[in-house]
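Working notes, structure below.
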Amino acid sequence: MKFQSPWQQNSFGQFILVIRRLMRPFGNLENFLIEKLTLAQNQRVIQYLKNNPASSLLLILPRCVKKTGCRADVQNGLEECLHCNQCVLGDVALLCESYGIDALVAFRSHIAFEMARTRNPDLIIATACHDRLIKALRAVPDCPALLAPLPPMPLVCRNAGVDLQWLDKQLSLVCRPEDTVPAEPMPIHSNLPKVRAAKNS
Ligand code: SF4
């Protein structure tokens, strides 16, 4: 069964674009809308995965989670990270290994979208700023993608963290679809302390 989403209709994306522009003068309203759209997307994906369990995964993460200066080719796998564990990608690698899922990591949007089209993963899990999540929904609407907006950062693009507990919960839904699927979408940020920030300094 093919993944179905309203983002596959260009008119839906255009409609949301107009609504966002109208909301922009009203503070946080635009981000609130984006969070609602991502929750609706996550609910669709969770339902889809009940009958279509994933075995390959593309993680889209902000590039500031990776340790500065590290040359590991995480776009082709996280094996190096398993042995290194000097930044949060080590924890991500261990988590993916514990679920037996092959994970690739992309940082820049255009690379991520290209990888989604060419590698055709069973699932995308992405955490990025609000605007980028909408870009992802529009760019690769055919691929099921679980999304979480990044929590606010003290400095732009510095020391982003990964909510490992949120990621763990998503992987459990993906890899063990027989587990109870919640009637409501997962909260985007669990606000639990198991968030490891990049060690870039
Ligand atoms: S864990 Fe971090 S520092 Fe180590 S190889 Fe992976 S990305 Fe590089």
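The values are calculated or read from the model by the stated rules, or taken from the named source; none is laboratory data. Remember, predicted model here, so these are calculated numbers, not experimental data. When we count neighbours, we look across all protein chains shown, and the Cβ atoms used for this are built from the backbone with ideal geometry, even at glycine.
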Self-check item: Residue in segment 26-35 that is part of a helix (DSSP H, G or I), closer than 27 Å to Leu164 by Cα, within 16 Å of the ligand (Cβ to nearest atom) and over 15 Å from the mean Cα position of the chain (by Cα) present
Solution: no
Practice problem: Please indicate, with yes or no, whether at least one residue in segment 44-51 is more than 16 Å from the ligand (Cβ to nearest atom), free of Cβ contacts under 8 Å to residues at least 40 places away in the same chain and either assigned to a helix (DSSP H, G or I) or surrounded by fewer than 13 Cβ atoms within 10 Å (Cβ to Cβ) (or both). | Solution: no
Quiz item: Quick one: which of Val92, Val18 is away from the ligand (no atom under 11 Å from the Cβ) and either of a type outside the set (S, T, N, Q) or assigned to a loop (DSSP other than H, G, I, E, B) (or both)?
Solution: Val18
Practice problem: Kindly list the number of the only condition in (1) of a type outside the set (Val, Ile, Thr); (2) within 16 Å of the ligand (Cβ to nearest atom); (3) within 21 Å of Gly13 (Cβ to Cβ) that fails for Asn85. | Solution: (3)
Self-check item: Residue ranges of helices (runs of 4 or more DSSP H) in segment 100-201 with at least 2 members modelled with pLDDT under 60 and of a type in the set (A, V, I, L, M)
Solution: none
